[in-house]
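Scroll down for the structure; my scribbles are underneath it.
The values are calculated or read from the model by the stated rules, or taken from the named source; none is laboratory data. This structure is a prediction, so every number in the text was calculated from the model and none was measured. Note: ideal-geometry Cβ built from the backbone for every residue, glycine included; neighbour counts use all protein chains shown. For the accessible areas, the whole protein counts, side chains as well, though only heavy atoms, and no ligand, DNA or RNA atoms are used. Shrake-Rupley method; radii C 1.70, N 1.55, O 1.52, S 1.80 Å.
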Amino acid sequence: MIVEFKLTNLPIGEKAEVVSVLAQGVARNRLLDLGLVPKTIIEAVRKSPLGDPVAYKIRGAVIALRAEESSQIRVRSLN
Amino acid sequence: MGLTAQSTGINAFLEELKQSSVKADAVIALAGNPNTGKSTVFNGLTGLNQHTGNWPGKTVILAKGNYQHQRKNITLVDLPGTYSLLANSADEQVARDFICFGNPDAVVVVADATCLERNLNLSLQVMEITPRTILCVNLIDEARRKKMEIDLAKLEAILGIPVVPAVAREKVGLKQLKDVIDKVAFGKKWPQPKSMEYSETIEAALAEIQREVDHLLQGKFNSRWVALRLLDGDNSIITEIFHYLQRLEIKKQEYYQEKVKVVECCE
């Protein structure tokens, strides 16, 4: 069964596939420009001391996203 | 005199560019994602002969430098590092405005070979605005260290623009880059960039407005690109185009007024 969830809930060290970006307007453009288009594989690398933002590996670069942004991204588990 | 629309923004930089002591035979823009070694390429080409200039109203700095190649003066403009030209930030707006309104003779996109994929977004966006685009794949040595081999010939075939490998830190590939810049800037070579095709719905909408847009722009801009921005609902670019056309109109009027004065003096 394919489970779909918010990127915010992806555990550290695990990978998922982007399903959709829910953000609108400038925020949406920004996320798409960072390479977060559907079918992109994304990996949660580590948490900052306070738990937010979280560093993600996206298409060869590590990028920090706040929960505000990652909650706008729907992903699904790879297996 | 306070700051007017004419004294700030991209226009101020363009004026300064015109008044440079060395007359430029060609103006080349350097674009690229942040941290791709863009400024290293810039310094490598110009021999650190740069002087940075910023203008009021923008916190962003554009660096300008010159080099000579085959007895021609080439002015190089280092744009701020951006992931995109869709103007989500001041940096992106500066980069976009220069590519759109600065009339560069060529745009060199500097890409990081170790994460080429994410750099191609910007390359495609530049290619959509101007066919005179060159891709410089920098940091080839680091990619090799990571056991990555890049098929440059295939990349060139897919994109339809010249692709030049480089290790700017060690000045590898810069000679070839200068040669390619020369070819593209002086029209000895016309890149044929792959045109991006969108979904049927978007293409249908484009077809509907593009002719109208083309008519309004009178060939001053790439109408497909402007039509796409209109569909995007990007108001900032529409405002900029409007200002740009207004400035052209003002310049035309000033020119005629000057002529009238001359005639009056003669009478």
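Can you find a residue in segment B:210-225 that is at pLDDT 85 or above, hydrophobic (A, V, I, L, M, F, W, C) and open to solvent by 50 Å² or more (accessible area, probe 1.4 Å)? Within segment B:210-225, none of the residues are at pLDDT 85 or above, hydrophobic (A, V, I, L, M, F, W, C) and open to solvent by 50 Å² or more (accessible area, probe 1.4 Å).
Residues are listed down the side, and each one gets a yes or a no for (1) open to solvent by 100 Å² or more (accessible area, probe 1.4 Å); (2) under 18 Å from B:N103 (Cα atoms); (3) in the same structural domain as B:L248 (by TED's automatic domain parsing); (4) within 19 Å of the chain's Cα centre (by Cα):
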{"site": "B:K189", "(1), (2), (3), (4)": "no, yes, no, yes"}
{"site": "B:Q192", "(1), (2), (3), (4)": "yes, no, no, yes"}
{"site": "B:I202", "(1), (2), (3), (4)": "no, no, yes, no"}
{"site": "B:E208", "(1), (2), (3), (4)": "yes, no, yes, no"}
{"site": "B:D232", "(1), (2), (3), (4)": "no, no, yes, no"}
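Taking segment B:118-133 as the range and being among the hydrophobic types (A, V, I, L, M, F, W, C) and either assigned to a loop (DSSP other than H, G, I, E, B) or closer than 10 Å to B:K194 by Cβ (or both) as the test, the residues that pass are B:L124, B:M127. For segment B:114-157, how many residues are farther than 25 Å from B:F98 by Cβ, within 14 Å of chain A (Cβ to nearest Cβ) and open to solvent by less than 30 Å² (accessible area, probe 1.4 Å)? Counting residues in segment B:114-157 that are farther than 25 Å from B:F98 by Cβ, within 14 Å of chain A (Cβ to nearest Cβ) and open to solvent by less than 30 Å² (accessible area, probe 1.4 Å) gives 2. Taken over segment A:22-43, the criterion of being in a strand (DSSP E or B) and within 12 Å of chain B (Cβ to nearest Cβ) is satisfied by A:I41 alone. If the condition is being touching a strand residue (DSSP E or B) at 6+ places or on another chain (Cβ under 9 Å) and farther than 24 Å from B:A113 by Cα, then segment A:36-51 contributes A:R46, A:K47, A:S48. So, B:A111, is that one farther than 19 Å from B:K189 by Cα, of a type in the set (A, V, I, L, M, F, W, C), under 17 Å from the mean Cα position of the chain (by Cα) and within 12 Å of chain A (Cβ to nearest Cβ) or not? When the stated conditions are applied, B:A111 passes them. Selection of segment A:44-79 for residues being assigned to a loop (DSSP other than H, G, I, E, B) and either in contact (Cβ under 8 Å) with a residue 24 or more places away in the chain or surrounded by 14 or more Cβ atoms within 10 Å (Cβ to Cβ) (or both) yields A:D52, A:P53, A:R59, A:G60, A:S71, A:Q72, A:L78. The set of residues from segment A:44-66 being over 10 Å from the mean Cα position of the chain (by Cα) and within 11 Å of chain B (Cβ to nearest Cβ) comprises A:R59, A:G60, A:A61, A:V62.
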